[in-house]
Amino acid sequence: MVGDGWVTGAVTAGRLHATVALTRGELDLDITLDLPLGATVALLGPNGAGKTTLLRALAGLQPLRAGRVTLGHQVLEDTAAGVRLGPEERPIGVLFQDYLLFPHLSALENVAFGLRCRGVPKADARRRAQAWLDRVGLGDRAGDRPEALSGGQQQRVALARALATDPHLLLLDEPLSALDASTRVEVRRELRRHLASFPGVRLLVTHDPLEAMVLSDELVVLEHGRVVQAGTPAEVSARPRSRYVAELVGVNLYRGDGAGDRVVVASGASLQAPGAVAGDVFALVHPRAVSLHRRQPEGTPRNVWKGVAESLDQEGERIRVRVGGDIPIVAEVSPAAVAELGLADGGEVWVSVKAAEVQVYPA
């Protein structure tokens with residue numbers, strides 16, 4: 001036994017390798033994944049990027065136009081060889097966004113359902129289902145139907161059902177989105193603990209950057225059916241490669257032409273940055289490095305321009321101010337600065353950023 005009662009033989013050695021090409025409506029999905037055992041990988045991307053479609057393809061619910069999916073030494077799908085295992089034949093557990101518990105079945109019967117579908121005798125399926133409910137802290141609610149359970153308890157039943165069949169791959173489609181904010185923090189903590197005890201491959205779809213950072217070891221970002229960036233949360237945060245990723249991690253990102261000590265952005269305006277490499281580059285500015293003024297500032301900042309304060313958003317103890325103009329930017333300031341500058345009233349502001357605070361890297 002290993003981890004939290006897992007059987008070592010339950011998971012074959014190996015990784016998930018998937019080359020997936022398919023078309024669904026206007027979505028053209030064409031990606032390659034290579035995911036290790038024992039790591040939780042978060043799949044992020046805007047609506048319509050293809051996240052849930054990818055999970056459905058891996059689970060066998062959506063056929064591929066072309067590609068190959070292997071899990072360890074087992075081929076799940078290979079369009080060139082004419083191989084395609086059905087969903088019930090794949091060693092995969094799925095936790096759906098809305099859990100999809102059967103309302104007429106008890107918690108015990110819901111967890112036992114997947115086992116019974118795989119031919120496990122009824123008594124054995126019920127015994128194993130009870131053991132899983134005990135493991136997720138719901139052993140005393142085995143006889144309750146979903147309507148009698150809270151959202152967090154339903155999520156744990158759905159997780160137990162996904163894990164009861166000893167899957168080699170666990171797919172989680174926004175597993176916390178159906179919970180209210182007060183429940184989400186506690187359930188996130190429990191989910192992290194359960195995921196840490198699962199020795200197989202874990203792939204999590206989420207829209208929540210905090211959820212991704214807390215639960216995952218690696219991030220894969222999809223946009224328009226393609227992988228645009230992958231790496232650890234620290235790697236992705238340090239060098240975002242799209243506007244979506246920059247907004248996700250809370251920084252300002254510009255793409256432009258590097259020339260000497262400046263970067264010329266799409267509007268024709270430029271950012272001064274020492275040592276900017278030549279060619280197609282990204283320029284990153286952290287909101288904390290942005291200063292706002294009501295009058296043109298004096299001093300040494302090499303990047304100074306006019307803009308318009310458009311909106312304010314509170315984030316923790318800081319206020320994020322969105323400024324429009326030739327170089328739109330988000331500044332992060334204190335509540336005292338908001339009051340002192342009258343930023344709640346909007347209007348014209350001056351923006352200043354030290355050249356040394358502009359990070360430039362190849363696009």
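Quick notes
- Filtered residues of segment 82-97 (kept if part of a strand (DSSP E or B) and among the basic types (Lys, Arg)): ARG84
One line per residue, one yes/no per condition, for (1) among the polar types (S, T, N, Q); (2) touching a Leu at 6+ places or on another chain (Cβ under 7 Å):
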{"residue": "VAL185", "(1), (2)": "no, no"}
{"residue": "PHE198", "(1), (2)": "no, yes"}
{"residue": "VAL205", "(1), (2)": "no, yes"}
{"residue": "GLU211", "(1), (2)": "no, yes"}
{"residue": "GLU218", "(1), (2)": "no, no"}
{"residue": "GLY231", "(1), (2)": "no, yes"}
{"residue": "SER242", "(1), (2)": "yes, no"}
{"residue": "VAL249", "(1), (2)": "no, no"}
{"residue": "VAL264", "(1), (2)": "no, no"}
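- Number of the exception - SER197 against (1) in contact with an Asp or Glu (Cβ under 7 Å, 6 or more places away or on another chain); (2) crowded, with 17+ Cβ neighbours inside 10 Å; (3) small (Gly, Ala, Ser): (2)
- Residue in segment 220-230 that is more than 24 Å from GLY324 (Cα to Cα), of a type in the set (Asp, Glu) and surrounded by 15 or more Cβ atoms within 10 Å (Cβ to Cβ) present: yes
- Residue list for segment 188-226, restricted to those being among the hydroxyl-bearing types (Ser, Thr, Tyr) and at pLDDT below 85: SER197
- Residues of segment 231-241 that turn out to be within 15 Å of the chain's Cα centre (by Cα) and on the phi < 0 side of the Ramachandran plot, as a count: 7
- Helices (runs of 4 or more DSSP H) fully within segment 121-225 that include at least 2 residues being closer than 13 Å to ALA107 by Cα, small (Gly, Ala, Ser) and touching a Phe, Trp or Tyr at 6+ places or on another chain (Cβ under 6 Å): 151-163.
- Total residues in segment 98-120, condition part of a loop (DSSP other than H, G, I, E, B) and buried (at least 18 other Cβ atoms within 10 Å of the Cβ): 4
- Hits in segment 243-263 - residues which are surrounded by fewer than 17 Cβ atoms within 10 Å (Cβ to Cβ) and assigned to a strand (DSSP E or B): ARG255, ASP257, ALA259
- Hits in segment 242-263 - residues which are at positive phi and under 23 Å from the mean Cα position of the chain (by Cα): GLY250
- Restricting segment 226-242 to residues that are touching a strand residue (DSSP E or B) at 6+ places or on another chain (Cβ under 7 Å) and assigned to a helix (DSSP H, G or I), the residue that is farthest from ARG189 (Cα to Cα): VAL236
- The criterion of being over 20 Å from THR52 (Cβ atoms) and within 29 Å of the chain's Cα centre (by Cα) does not hold for ARG302.
- Single condition ARG145 does not satisfy, out of (1) touching a Ser or Thr at 6+ places or on another chain (Cβ under 9 Å); (2) more than 24 Å from GLU186 (Cα to Cα): (2)
- Single residue of LEU191, LEU172, LEU149 found to be farther than 20 Å from ALA59 by Cα, in the same structural domain as LEU215 (by TED's automatic domain parsing) and within 17 Å of the chain's Cα centre (by Cα): LEU191
- Residue within segment 79-97 that is of a type in the set (Asp, Glu) and buried (at least 16 other Cβ atoms within 10 Å of the Cβ) present: no
- Residue among ASP134, ASP180, ASP173, ASP208 that alone is surrounded by fewer than 16 Cβ atoms within 10 Å (Cβ to Cβ) and either among the β-branched types (Val, Ile, Thr) or closer than 25 Å to LYS51 by Cβ (or both): ASP180
- So ASP4, is it at pLDDT 95 or above, of a type in the set (Asp, Glu) and surrounded by fewer than 16 Cβ atoms within 10 Å (Cβ to Cβ): no
- Looking across VAL321, VAL333, VAL349, VAL360, one residue alone is in contact with a His (Cβ under 9 Å, 6 or more places away or on another chain) and of a type in the set (A, V, I, L, M). It is VAL349.
- Of residues in segment 264-280 being surrounded by 20 or more Cβ atoms within 10 Å (Cβ to Cβ) and not in a loop (DSSP other than H, G, I, E, B), the one farthest from the chain's Cα centre (by Cα): SER270
- Every residue from segment 234-250 that is among the charged types (D, E, K, R) and touching a residue at least 60 places away in the same chain (Cβ under 8 Å): ARG239, ARG241
- Selected residue (only one of VAL360, VAL304, VAL349 is touching a Pro at 6+ places or on another chain (Cβ under 8 Å) and more than 17 Å from GLU247 (Cβ to Cβ)): VAL304
The values are calculated or read from the model by the stated rules, or taken from the named source; none is laboratory data. These figures come from a predicted structure and were not determined experimentally. No Cβ is skipped: glycine too gets one built from the backbone with ideal geometry, and neighbour counts run over all protein chains shown.
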